[in-house]
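J.: Handing you this structure, nothing more for now.
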Amino acid sequence: MFFFKKLNLSNFITNNVTNMGYMFANYFKLKELNVSNFNTNNVTNMGDMFSTCFKLKELNVSNFNTIVIPVDKAFPKKGNSH
């Protein structure tokens, strides 16, 4: 389990990443996450990417390319919380 409350990953180079599944698994306390510059053009799996980030207040994924995969599988399911 990770105890970060704030992460700025806006400078990460993600051009060649294909799997972002469970990328933030067990970040239960995370409240702020900046992934605004992530390049997801080659990503084929975002499954449960943010599924345990129950405390996130805001998340900008407007630059994510989700044409190939449904982004809804990346987020917590309604009714799940810690």
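FYI, it's all coordinate maths here, none of it is from the lab. Predicted model only: the values in this text are computed from it and were never measured. Because the Cβ atoms are built from the backbone with ideal geometry, glycine has one as well, and the counts that use them run over all protein chains shown.
J.: Among residues other than residue 29 whose Cβ falls under 15 Å from its Cβ, what is the net charge (Lys/Arg +1, Asp/Glu -1)? Before the final figure, lay out each step's value.
T.: On the way: positive: 5, 6, 31, 55, 57; negative: 32.
Overall, the nearby charge balance is +4.
J.: Give the order of 75, 4, 64 when sorted by the count of other beta carbons within 10 angstrom, beginning with the fewest.
T.: Details: 75 17, 4 13, 64 20.
In order of increasing Cβ crowding within 10 Å: 4, 75, 64.
J.: Taking the chain as a Gaussian network, where each spring joins two C-alpha atoms under 10 Å apart, which residue of 50, 28, 12 fluctuates the most?
T.: 12
J.: Restricting to Cα pairs below 8 Å that are 6+ residues apart, what does the relative contact order work out to for the chain? Please round to a whole percent.
T.: Values: 174 pairs, mean separation 25.7, N = 82.
So the answer I get is 31 percent.
J.: Cα-based count: Lys pairs in the chain below 20 Å, eight or more positions apart or different chains?
T.: Taking the Cα cut-off of 20 Å, the pair count is 23.
J.: Moving to a separate point now. Long-range amide H contacts for residue 7: which residues qualify at under 5 Å (H placed 1.01 Å from N, peptide plane, sequence gap of 5 or more or a different chain)?
T.: Residues meeting the amide H criterion: 32, 33, 34.
J.: Neighbour counts of other C-beta atoms within 10 Å: give me 13, 69 arranged from fewest to most.
T.: Details: 13 9, 69 18.
Result, fewest neighbours first: 13, 69.
J.: Report the full-extension gain for the segment residue 4 to residue 31: residue separation times 0.36 nm, less the Cα-Cα distance, to one decimal in nm. Don't skip to the end; give the middle numbers.
T.: On the way: separation 27, 0.36 × 27 = 9.72 nm, distance 0.84 nm.
Extending this stretch completely gives an extra 8.9 nm.
J.: Further question: Determine ³J(HN,Hα), in whole Hz, for all residues of the range 33-44 in sequence, where each value follows from phi through the Karplus function 6.51 cos²θ - 1.76 cosθ + 1.60 and θ = phi - 60°; x replaces Gly and Pro.
T.: 9, 10, 10, 4, 9, 4, 9, 10, 4, 9, 6, 10
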